[in-house]
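Working notes, beginning with the structure itself.
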Ligand SMILES: [Zn+2]
């Protein structure tokens with residue numbers, strides 16, 4: 001009898017210990033150990049810099065090729081992606097993209113679809129559409145081409161038939177439509193100061209924030225079979241309530257968190273419980289991403305140092321209870337200390353499901 005009780009109490013102690021262990025959030029010491037996927041990077045250099053950093057930190061990379069004038073050309077980005085994939089299939093994945101040149105003219109959709117076939121055969125796991133759709137590209141009449149333009153339909157149908165998810169960067173952070181002194185973060189303030197051509201507050205003749213959000217919502221509703229990934233929290237980074245409503249309305253949508261952490265920190269500094277509850281409720285719909293980009297002009301040592309610090313800042317915020325000073329907010333921000341199971345989904349399992357199920 002004594003022995004039974006002893007065994008039983010040992011069992012209860014072990015169970016209690018495991019339960020407590022399950023509820024202890026990760027620490028900074030766990031960062032390099034836990035398997036992770038960064039679902040939004042741009043690795044535009046065919047050397048081992050970014051991959052070595054990824055391996056060291058137990059990250060797989062999803063490198064997004066994008067029709068962006070400041071990056072190398074789309075074909076150069078694809079060449080780099082193929083080379084890096086050949087170098088390390090375990091840690092490197094990539095998406096393809098297509099150029100808008102010729103949109104609306106005969107043969108455009110056929111050319112794009114052929115390119116998508118070839119890139120899927122080379123290993124691409126998704127397709128990216130950049131913010132030039134909605135903000136920059138114009139049709140023959142000079143009107144902005146919107147994401148729900150019927151000209152995209154044959155390409156979207158093809159993307160669905162290839163079973164590739166679509167990553168869409170629609171619009172900009174809402175700060176982009178506000179005067180500098182009303183923006184919530186210094187990173188947006190300095191980015192739009194340096195990129196006046198993308199700073200919509202200076203271009204009131206251009207599409208409004210809500211016009212772009214509405215076009216995207218019509219697009220997602222129009223293609224319920226499309227696996228839609230809204231890059232940068234679907235540009236709803238300023239309000240977890242608004243993002244929750246989007247995810248509730250569109251069950252085929254997920255979002256990545258890339259380069260929008262400070263806007264969320266701004267919210268958790270004001271309502272910690274609400275922001276933490278958002279991550280827990282939508283734990284199956286959120287994909288960790290950084291938007292770290294290595295380009296040919298970058299110095300490898302400096303890139304490595306900055307990327308490591310950036311990854312650690314995000315982990316400290318999402319995974320641990322630590323408080324850190326965030327210069328872009330001029331504030332001390334307390335970590336959300338999300339449960340380990342939630343972190344494992346946001347940092348790994350969701351991206352496996354959405355992007356890498358076939359690999
Ligand atoms: Zn990006």
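Per-residue ellipticity at 222 nm, computed for the chain from helices alone with -39500 (n - 2.57) per DSSP H run of at least four residues, works out to -13000 deg cm²/dmol.
Distance between the 7 Å Cα→Cβ label points at residue 334 and residue 86: 5.2 nm.
What does the C-alpha gyration tensor say about the overall shape of the range 48-191? Classify as rounded when a/c is under 1.5, otherwise prolate if a/b is larger than b/c, or oblate. Judged from the Cα gyration tensor, the range 48-191 comes out oblate (a/c at least 1.5, b/c at or above a/b). Based on Cα contacts under 8 Å between residues 6+ apart, the chain shows a relative contact order of 19 percent. Answer rounded, prolate or oblate for the range 138-192, using the Cα gyration tensor with square roots of eigenvalues a ≥ b ≥ c: rounded when a/c is under 1.5, else prolate when a/b is larger than b/c, else oblate. Cα axes put the range 138-192 in the oblate bin. Among beta bridges identified by DSSP and lying wholly in the chain, the antiparallel ones come to about 20 percent. Quick check: Cα centre of the range 132-146 to Cα centre of the range 201-271, how many Å? The two parts, judged by their Cα centres, are 20 Å apart. Kirkwood analysis of the range 35-113, using all unique Cα-Cα pairs, places the hydrodynamic radius at 13.5 Å.
Remark: the Cα gyration tensor places the range 153-291 in the oblate category, a/c being 1.5 or greater and a/b not exceeding b/c. Multiplying the residue separation of residue 195 and residue 101 by 0.36 nm and removing their Cα-Cα distance gives an extension gain of 31.6 nm. Taking 142, 206, 104 as the candidate residues, the one with maximal mean-square fluctuation in a Gaussian network model of the chain, Cα springs under 10 Å, is 142.
With respect to the chain, whose longest principal axis is taken over its alpha-carbon atoms, helix 240-249 is tilted by about 70°. Quick check: pseudo-label points 7 Å beyond the Cα along Cα→Cβ at residue 353 and residue 118, how many nm apart are they? Here the answer is 3.5 nm between the modelled labels. For the chain, the longest principal axis of the C-alpha atoms and the axis of helix 2-23 are separated by about 30°. Each peptide in 195-205, 279-289 receives the mean, over its residues, of other Cβ atoms within 10 Å, and ordering these scores from highest gives 279-289, 195-205.
If the chain linking residue 297 and residue 160 were pulled fully straight, counting 0.36 nm for each residue of separation and taking away their Cα-Cα distance, it would gain 45.7 nm. Name the most mobile residue of 245, 78, 46, meaning the one with the largest mean-square fluctuation, in a Gaussian network model of the chain with Cα contacts below 10 Å. Looking only at 245, 78, 46, the largest GNM fluctuation is found for 245. For the residues 271, 188, 88, a GNM of the chain with alpha-carbon springs under 10 Å puts the largest fluctuation on 271.
Relative contact order for the range 24-94: 34 percent, from Cα pairs under 8 Å spaced at least 6 residues apart, divided by residue count.
Over the chain, the hull volume per residue, using the convex hull of the C-alpha atoms, is 158 Å³. Of the residues 156, 136, 64, 129, the one with the fewest other Cβ atoms within 10 Å heads the list, and the complete ranking is 136, 156, 129, 64. The angle between the Cα long axis of helix 209-222 and the longest principal axis of the Cα atoms of the chain comes to about 80 degrees, rounded to the nearest 10.
Every number in this text was worked out from the coordinates using simple rules, so none of it is lab data. Values in this document were obtained by computation on a predicted structure and should not be read as measured data. Reconstructed Cβ throughout: ideal geometry from the backbone, glycine too, with neighbour counts over all protein chains shown.
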